[in-house]
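Undergrad: Dropping the structure in here first, questions after.
The values are calculated or read from the model by the stated rules, or taken from the named source; none is laboratory data. Only a predicted model underlies this, so the values are computations on that prediction, with no experimental measurement involved. Note that each Cβ is placed from the backbone with ideal geometry, even for glycine, and that neighbours are counted across all protein chains shown. These area figures cover heavy atoms from the full protein model, side chains too; ligands, DNA and RNA do not enter into them. Shrake-Rupley method; radii C 1.70, N 1.55, O 1.52, S 1.80 Å.
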Amino acid sequence: MENPPDMSEALESLAAKVRACRICVEQPRGRPLPHQPRPVLVPSSKARILLAGQAPGTKVHISGMPFTDASGDRLRNWLGVTPDEFYDTEKFAIVPMGFCFPGQDAKGADLPPRKECAPAWRADLMALMPQIDLVLTIGGYAQSWHMGTARGPSLTETVRNWRAVWDAAAGPKVLPLPHPSWRNTGWLKKNPWFEMDLLPFLRSEIRYRLN
Ligand code: SF4
């Protein structure tokens, strides 16, 4: 059988292993996943842009497609792309820090990405996507993994420092973003520089890579 045009044979093979993963049920670090795993990720051997998010929420757990929710609508608006562009695997790879919906806490907030996921899979997936030249780190977990010491003491400081992060990147360019969740609407109001300065730059870098 031919490989999907957007994935090398090695990447397709690894993605198949991820999709069959049961680590958080069978060998969990702490409490097991409260439901059957349903990994949601869109790796690509062609896309230049990687969306490194957190973990699926309830709607994405049901749809099996990343960002099929209000956060996705806001993220597409930030990027200045249509849904067709966003889900074009030759344009975007979407690989969150945790691939399965982690469940919710007692207050109904989504739990953090499962700790098991990135150590098990992320380095190998990244190694098979060497064409990525822009990583959008969405939230603190992705910023910790992809930015290392360039991450600031808080999410606000990390994102505010975006120009220095951009200039300093030796490998793929990195732009830190807050999570596009409605929970961050207050943060967006308090930090108008994000929409005034960072978003126009982000949109021009996205458009440059899509055209
Ligand atoms: S969250 Fe990651 S490590 Fe855990 S079961 Fe899903 S794919 Fe496997």
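Undergrad: For the range 22-79, which fully contained helices (runs of 4 or more DSSP H) count at least 3 residues that are open to solvent by less than 20 Å² (accessible area, probe 1.4 Å)?
TA: So the answer is 70-79.
Undergrad: Any residue that is within 12 Å of the ligand (Cβ to nearest atom), modelled with pLDDT of 95 or more and within 22 Å of Asp69 (Cα to Cα) - is there at least one of those in the range 43-52?
TA: Keep residues of the range 43-52 that are within 12 Å of the ligand (Cβ to nearest atom), which gives none.
No.
Undergrad: Could you give every pair whose Cβ atoms fall below 7 Å, whose first residue belongs to the range 24-48 and is over 16 Å from Arg122 (Cβ atoms), and whose second residue is more than 13 Å from the ligand (Cβ to nearest atom) and of a type in the set (D, E, K, R), counting only separations of at least 6 or pairs across chains?
TA: These pairs meet every condition: Ser45/Asp6; Lys46/Asp6; Lys46/Glu90; Ala47/Glu90; Ala47/Lys91; Arg48/Asp133; Arg48/Arg209.
Okay, residues lined up against (1) at pLDDT 95 or above; (2) among the β-branched types (Val, Ile, Thr); (3) surrounded by 13 or more Cβ atoms within 10 Å (Cβ to Cβ); (4) within 23 Å of Arg48 (Cα to Cα):
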residue: Ala170; (1), (2), (3), (4): no, no, no, yes
residue: Val174; (1), (2), (3), (4): yes, yes, yes, yes
residue: Pro178; (1), (2), (3), (4): yes, no, yes, yes
residue: Gly186; (1), (2), (3), (4): yes, no, no, no
residue: Lys189; (1), (2), (3), (4): yes, no, no, no
residue: Met196; (1), (2), (3), (4): yes, no, no, no
residue: Ile206; (1), (2), (3), (4): yes, yes, yes, yes
residue: Arg209; (1), (2), (3), (4): yes, no, yes, yes
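Undergrad: Identify, please: which residue in the range 15-40 is more than 8 Å from the ligand (Cβ to nearest atom) and within 16 Å of the chain's Cα centre (by Cα) and is, among those, nearest to His61 (Cα to Cα)?
TA: Step by step, filter the range 15-40, then rank; the result is Val40.
Undergrad: Failed condition for Gly108, given (1) open to solvent by less than 40 Å² (accessible area, probe 1.4 Å); (2) in contact (Cβ under 8 Å) with a residue 12 or more places away in the chain; (3) small (Gly, Ala, Ser), with all others met?
TA: (2)
Undergrad: Hey, any hits in the range 135-153 for a residue that's part of a loop (DSSP other than H, G, I, E, B), open to solvent by 40 Å² or more (accessible area, probe 1.4 Å) and modelled with pLDDT of 95 or more? Break it down into steps so the answer makes sense when it comes.
TA: From the range 135-153, those part of a loop (DSSP other than H, G, I, E, B) are 139, 151-153; that's our starting set.
Filter once more, so that each one left must be open to solvent by 40 Å² or more (accessible area, probe 1.4 Å): 151, 153.
Filter once more, so that each one left must be modelled with pLDDT of 95 or more: none.
No, the range 135-153 contains no residue that is part of a loop (DSSP other than H, G, I, E, B), open to solvent by 40 Å² or more (accessible area, probe 1.4 Å) and modelled with pLDDT of 95 or more.
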